Amino acid sequence: MFVSIPTHSRPAFRWATPLLCAALWCVYLWASTRPEAVEQALMARWGALTGGLAPGDLLAWADGERGLRLLTALFVHADWAHLLGNLVFLLIFGLPAERVLGSWRLLALFMIGGALANLATVLVIDTPDRLVIGASGAVSALIGTYLALFPRAHLGVVLPLGLFLEFVRAPASLLIGIWALLQVVFAYIGPAFGAVAWSAHIVGFAVGVVFALLSRRAIARRLRRQKGY
């Protein structure tokens with residue numbers, strides 16, 4: 001499954017990825033500057049709560065506060081490392097994915113993929129009173145979609161080399177490997193030590209792949225319209 005990217009069309013303004021990055025950063029900045037008790041209360045209120053849920057309880061998450069927390073949990077992060085890892089790869093994969101998907105489709109993928117990843121984690125983790133927070137599942141969905149559409153793609157990355165910033169193009173698969181490695185590293189520093197919800201990464205990635213399979217024709221039509229065909 002391959003989709004060609006137009007090279008001569010005028011690029012549309014991409015607002016969804018910058019908006020999501022700004023929202024993630026602002027929520028973290030606001031929460032981290034509150035007193036510790038207030039910050040913990042915010043995480044408890046916005047995070048998705050796990051603990052002893054059976055598959056039959058899925059209907060309880062379909063609406064109301066529980067369902068909303070699957071979304072709000074995407075915007076809460078435990079520490080700067082947790083946030084930074086998601087922001088960097090949201091930018092790396094979000095901007096090129098938004099060029100192909102369109103802003104509204106990318107925003108829907110981020111929210112729906114992240115919510116489904118959080119729901120899966122809630123069902124998998126059986127420990128009472130554990131909070132599921134962070135945008136990792138949503139970022140995984142974007143990565144899964146982009147890799148499924150463009151398995152051999154190269155993405156531009158700005159790297160600090162000495163006193164200068166160097167623009168390089170790296171294979172998307174290599175960047176995904178680096179992202180996975182950083183998730184492991186970030187899992188063992190800061191207050192989130194050892195508390196990575198791997199099920200959210202796996203489910204988010206799978207949702208992204210399925211999304212790409214289901215929407216590839218609509219994406220191809222969108223790209224043809226951009227090229228004026």
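The values are calculated or read from the model by the stated rules, or taken from the named source; none is laboratory data. Keep in mind it's a predicted model, so treat the numbers as computed, not measured. When we count neighbours, we look across all protein chains shown, and the Cβ atoms used for this are built from the backbone with ideal geometry, even at glycine.
Some values worked out for this structure:
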{"read-out": "Tally, over the stretch 95-114, of residues that are buried (at least 24 other Cβ atoms within 10 Å of the Cβ) and farther than 15 Å from residue 209 by Cα", "value": "1"}
{"read-out": "Residues of the stretch 190-214 classified as assigned to a helix (DSSP H, G or I) and either more than 15 Å from residue 147 (Cα to Cα) or at pLDDT 85 or above (or both), total", "value": "15"}
{"read-out": "Scan of the stretch 20-52 for residues that are aliphatic (A, V, I, L, M) and in contact (Cβ under 8 Å) with a residue 24 or more places away in the chain, ordered by number", "value": "20, 23, 24, 27, 31, 42, 43, 44, 48, 49"}
{"read-out": "Residue check for residue 87: crowded, with 16+ Cβ neighbours inside 10 Å, hydrophobic (A, V, I, L, M, F, W, C) and touching a Gly at 6+ places or on another chain (Cβ under 8 Å)", "value": "no"}
